[in-house]
Amino acid sequence: MSTQTELIGEHLPSKSHSREVLDSWLTSEKVEVNRHVLWLLCEKENARGGVAAKLRDLMQDHYVAPEATAQRLANWGAPETAKLLREHLPTKKASRSGDIGEILATEIAEAYMGYGVPVRRLRWKDGRDTAVRGDDIIGIAPGSIGKPSFLKGESKSREQLSPSVVREAATALDRDDGKPSRHSVVFLCNRLREQQKHDEAAQLEHALLHSFDGHSVEHLLFALSGNNPRRILHSHLTQCTQNQCCRYAVGVHIEDLGKFIEELFGGF
């Protein structure tokens, strides 16, 4: 377990750092299904102990901005800052599971898929066990024709993934003609402008005002599960048409998922 000082880092983890953590923890297998991608990641044997503290570092950034953590450290020191961090963390099993799914989906999108996810949504939860409304993930990448490309992501976390849960995620992705929801983009732009990132916000607002015309949009259907998601995700992609935007069905398989989540949150 990390010490309190190690848990309360002052700097945002880099994409290369995230990838290093994920590479040391998970195996990876990709299969093309029509024009879509099935991507399976499984926990390596005996790898968890070596990455648990690093995973908590990544988690911390999703709940509290590094600047806020640094200021708390200056005001109160590491032990009290650690106590304040725990006030942000969910206490209910379902909330913890959902948060971990969204965190891992975001880290994978940034580390492997070439998208930046400019806002950590979990910092704006109305309550520690309350879900944030809107699209789980909106990723942005430079486009080939001068317009940014977008990733719309939906995350699910279940000890036993089922076809109905995947259909629920797919329905959310297909909503709004498969484009990021207007509510989610406005939320994202407001957060960026609060951070004085006006150029990034303006790009998003321009896309929104023009209904994403000319912008590429890809989908991420992410599933964190205790059972092997291969069959369910493959079946889903075979039903997706070639006319749909490219969809990545990404499954992270952790056999003792409930124990894994309990261990992660128990280490704070």
Rounded to whole angstrom, the alpha-carbon centroid of region 101-141 lies from that of region 34-93 at a distance of 13 Å
Picking from PRO142, PRO66, PRO229, which is most flexible by a Gaussian network model of the chain using Cα springs under 10 Å?
PRO142
A 26 angstrom limit on the alpha carbon distance is what I want to check against. Which of LYS44/LYS179; LYS83/LYS156; LYS30/LYS152; LYS44/LYS125; LYS152/LYS197 exceed it?
LYS44/LYS179; LYS83/LYS156; LYS44/LYS125
Proximal charge balance of ALA223 [Cβ under 9 Å; K/R count +1, D/E count -1]:
+2
Let me see the P(r) profile for region 162-230: every Cα-Cα distance counted, bins of 5 Å, each bin given as a percent of all pairs.
3, 14, 21, 18, 14, 12, 9, 6, 2
Once both labels are modelled 7 Å past Cα along the beta-carbon direction, what's the THR130-GLN239 spacing in nm?
3.4 nm
Take the Cα of ARG35, step 7 Å along the line toward its Cβ, and report every residue of region 186-220 whose backbone nitrogen sits under 19 Å from that point.
212-220
Select from LEU58, LEU173, LEU73 the residue whose mean-square fluctuation is largest in a Gaussian network model of the chain (Cα-Cα springs shorter than 10 Å).
LEU73
Taking N as the number of residues in region 24-176, what value does Rg over Cα atoms divided by 2.2 N^0.38 Å take?
1.16
Using only C-alpha positions, report the orientation-averaged shadow area of the convex hull of region 119-268, nm², one decimal.
10.3 nm²
Does region 26-76 come out rounded, prolate or oblate by the C-alpha gyration tensor, with a ≥ b ≥ c the root eigenvalues, rounded set by a/c under 1.5 and, if not, prolate when a/b is larger than b/c and oblate if not?
oblate
What does the charge count near GLY258 come to, summing +1 for each Lys or Arg and -1 for each Asp or Glu among other residues with Cβ under 9 Å from its Cβ?
-1
Name the most mobile residue of SER216, SER235, SER181, meaning the one with the largest mean-square fluctuation, in a Gaussian network model of the chain with Cα contacts below 10 Å.
SER235
By the C-alpha gyration tensor axes a ≥ b ≥ c (rounded if a/c is under 1.5, else prolate when a/b exceeds b/c, else oblate), the shape of region 86-131 is prolate
Hey, for a label at ASP23 modelled as a point 7 Å past Cα toward Cβ, could you say which residues of region 33-72 have their backbone N under 11 Å away?
none
Amide H partners (placed H, <5 Å) of VAL33, local residues excluded
LEU38
Carbon and sulfur: what percent of region 180-268's accessible surface (1.4 Å probe)?
47 percent
Take the Cβ-Cβ distance between SER162 and ALA74 as r, set R0 to 35 Å, and report the resulting FRET efficiency rounded to the nearest 0.05.
0.15
Let me know the shape class of region 180-268, please: from the alpha-carbon gyration tensor, a ≥ b ≥ c as square roots of the eigenvalues, rounded when a/c is under 1.5, otherwise prolate if a/b is greater than b/c, or oblate.
oblate
Amide H to amide H under 5 Å from ASP136: which residues, 5+ apart in sequence or cross-chain, H placed 1.01 Å off N in plane?
GLY153, SER155
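The values are calculated or read from the model by the stated rules, or taken from the named source; none is laboratory data. Keep in mind it's a predicted model, so treat the numbers as computed, not measured. No Cβ is skipped: glycine too gets one built from the backbone with ideal geometry, and neighbour counts run over all protein chains shown. Surface accessibility is based on the protein's heavy atoms, side chains included, excluding ligands, DNA and RNA. Shrake-Rupley method; radii C 1.70, N 1.55, O 1.52, S 1.80 Å.
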